[in-house]
Amino acid sequence: MSSNDRVIIFDTTLRDGEQSPGASMTQDEKLRIAKMLEKMRVDVIEAGFAIASPGDFAGVKSVADHIKNSTVCSLARALDGDIDRAGEALKNANSGRIHTFIATSPIHMKYKLQMPPEQVLERAAYAVKRARNLMTDVEFSLEDASRTDFDFMCRIVEAAIDAGARTINIPDTVGYAVPEEFGATIARLMNAVPNIDKAIISVHCHNDLGLAVANSLSAVNNGARQVECTINGLGERAGNASLEEVVMAIRTRQDALQVTTNIDTKHIVLTSRLVSGVTGFPVQPNKAIVGANAFAHESGIHQDGVLKHRETYEIMTAQDVGWSDNKMIMGKHSGRAAFRARLEELGTSFANDSELNDAFRRFKELADKKHEIFDEDLQALVSESGIEAAKNIRFKLSSLSVTSQIGETPVAQIKLMIDGIEADASAAGSGPVDAVFKAIELLVKSKTSLELYSVNAITSGTDSQGEVTVRLEKSGRIVNGLGADTDIIIASAKAYVHALNTLDSGTKKAHPQV
Ligand code: KIV
Ligand code: ZN
């Protein structure tokens, strides 16, 4: 296959993925995910929207400073301040890209931008030129392209390429497209724009109708050579095209798609697990490629077939995407060196010996309670260490006891450190978790509402750690909290306290598309 047949994989988990309500990530979490993406050989990592807040700027900058083998990108509206801030955050990148965009559909231009089409066209070319003064690699997106007038689309694409854009992205921003029509638009564009050979055509599909992957592949079949996607399909509303599905479809059906990617698929499962752990968005068991059941064969007929000849029911192997690698087991006799080495493979390195020692102590504590420690346990443990090590946290769980008995109302007694001072409370509830949350609220009085409470077993077996996600809402702001423990009541308390700390520490940030 020629280089024309390679599809560039552009991952936007750290930008569009982070726009999912409650999925915001710290600078350190972003870097951990970026390192896994780099290991997976993702071509372009969109690390964030640099102007959104000082935290976002620092997040993009830290990814740009550390990632050497993938291009690092920042989003910027077609505004001077956005473009300059993106350029500044990417200053030290080995290979950096500014991704600037403006909406081009009649509905967005009229109601959101309140700009006539000619002004939008001018602004697009101006923004690309400004970005090109800072960086040679510039991408331009036509937001809401799938609802944009085709002739206007051609004019704006031509102008953006003339202004120096190397990549032109055609987003299906609201997930409105259907595969045949979307593919045909890409084919028409390739024919109609005179300078189209000077740029790579990219697509960015949202999943509102569950068609994001199908639309992306249809575009590839018609000449698109970059696909924007996210791990686990995370993203605004119903999410973006899932990276693992796009990549594995291209790999498994090369006969139909006739293209390749550069992705090292063995790292897919661990990266999926890391993103899920960091964001608190669990992966549904029947999710393609990365769901717990994706390679499990329940029915007798299937099992028999797979044992006789694997290809009867399997079109790819679990090893191809890293499932078997994911089963590395450690136990209480494992040493510090093995612990550190495995965590490095999972994308976590320790800044100093004291961080390593702290995490190793937690590992030993867990190994005392739990016979076998899996990669998922190690990932949860690192998330926990990160949560506790975070600077300036206001609330810390000191102790917890709960009584629960058939026929009796459960009661929780809790001690919390609040700004360094210990306070205690007790409360009754309809269940032990309810009692714990009520006791915490007696002390904190957060005025939040609980939007979501979910428990997942991290691994199999009754000694598995429970991983709890708590989502809280206050004045329109949504945060997720995570907690893991072999005792799910303690995990729940940790998750609630984590959500409160996140709410307390968060700063307001701009949304690029509002
Ligand atoms: O969905 C969208 O249109 C986007 C753009 C900013 C690329 O995320
Ligand atoms: Zn998007």
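Condition first: in contact with a Ser or Thr (Cβ under 7 Å, 6 or more places away or on another chain), under 20 Å from residue 321 (Cα atoms) and either more than 12 Å from ligand 2 (Cβ to nearest atom) or at pLDDT below 95 (or both). Now tell me which residues in region 206-232 satisfy that. Spell out the reasoning first.
Taking region 206-232 first, the residues in contact with a Ser or Thr (Cβ under 7 Å, 6 or more places away or on another chain) are 206, 213, 224, 226-232.
With the extra rule that they be under 20 Å from residue 321 (Cα atoms), the set shrinks to 213, 227-232.
Hits for region 206-232 are 213, 227, 231, 232.
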Item to complete: Give the residues of region 246-269 that are open to solvent by 10 Å² or more (accessible area, probe 1.4 Å) and in a helix (DSSP H, G or I), sorted by residue number.
Response: 249, 251, 252, 254, 255, 256, 257, 266, 267
Fill in: Matching residues in region 118-145 - criterion: being under 26 Å from residue 177 (Cα atoms), hydroxyl-bearing (Ser, Thr, Tyr) and more than 16 Å from ligand 1 (Cβ to nearest atom)
none
Worksheet item: Can you tell me which of 268, 200, 196, 263 is within 30 Å of residue 164 (Cα to Cα) and out of contact with any strand residue (DSSP E or B) (no Cβ under 7 Å at 6 or more places or on another chain)?
Response: 196
Item to complete: Could you list all residues from region 95-145 that are open to solvent by 70 Å² or more (accessible area, probe 1.4 Å) and either within 17 Å of residue 48 (Cα to Cα) or within 16 Å of ligand 2 (Cβ to nearest atom) (or both)?
Response: 112
Worksheet item: Which of the residues that make up region 1-48 are of a type in the set (A, V, I, L, M, F, W, C), over 17 Å from residue 63 (Cα atoms) and away from ligand 1 (no atom under 16 Å from the Cβ)?
Response: 1, 7
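Regarding residue 398, is this residue out of contact with any Phe, Trp or Tyr (no Cβ under 6 Å at 6 or more places or on another chain), at negative phi and open to solvent by 50 Å² or more (accessible area, probe 1.4 Å)?
Numbers: out of contact with any Phe, Trp or Tyr (no Cβ under 6 Å at 6 or more places or on another chain): yes; at negative phi: yes; open to solvent by 50 Å² or more (accessible area, probe 1.4 Å): yes.
Spelling it out, residue 398 is indeed out of contact with any Phe, Trp or Tyr (no Cβ under 6 Å at 6 or more places or on another chain), at negative phi and open to solvent by 50 Å² or more (accessible area, probe 1.4 Å).
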Fill in: Scan of region 339-358 for residues that are surrounded by fewer than 16 Cβ atoms within 10 Å (Cβ to Cβ) and in a loop (DSSP other than H, G, I, E, B), ordered by number
349, 351, 352
Worksheet item: Can you find a residue in region 73-83 that is more than 16 Å from ligand 1 (Cβ to nearest atom) and in the same structural domain as residue 186 (by TED's automatic domain parsing)?
Response: yes
Practice prompt. Enumerate the strands (runs of 3 or more DSSP E) found wholly within region 146-245, keeping only those where 3 or more residues are outside the structural domain of residue 18 (by TED's automatic domain parsing) and either away from ligand 1 (no atom under 16 Å from the Cβ) or open to solvent by 50 Å² or more (accessible area, probe 1.4 Å) (or both).
Written response: none
Worksheet item: For residues in region 25-47 being under 11 Å from the mean Cα position of the chain (by Cα) and surrounded by fewer than 24 Cβ atoms within 10 Å (Cβ to Cβ), which is farthest from ligand 2 (Cβ to nearest atom)?
Response: 29
Worksheet item: What is the residue count in region 63-85 for residues that are open to solvent by less than 10 Å² (accessible area, probe 1.4 Å) and of a type outside the set (A, V, I, L, M, F, W, C)?
Response: 3
Response to the item:
Counting only residues in region 320-338 that are under 18 Å from residue 37 (Cα atoms) and assigned to a helix (DSSP H, G or I), the one modelled with the lowest pLDDT is identified as 326
Worksheet item: Would it be correct to say that residue 373 is touching a residue at least 60 places away in the same chain (Cβ under 8 Å) and in contact with a strand residue (DSSP E or B) (Cβ under 6 Å, 6 or more places away or on another chain)?
Response: no
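The values are calculated or read from the model by the stated rules, or taken from the named source; none is laboratory data. Note that this is a predicted model, so its numbers are computed, not measured. FYI the Cβ positions are ideal-geometry reconstructions off the backbone, even for glycines, and counts take in every protein chain you see. Ligands, DNA and RNA are stripped out before the accessible areas are found, and what is left, the full protein with its side chains, is counted by its heavy atoms. Shrake-Rupley method; radii C 1.70, N 1.55, O 1.52, S 1.80 Å.
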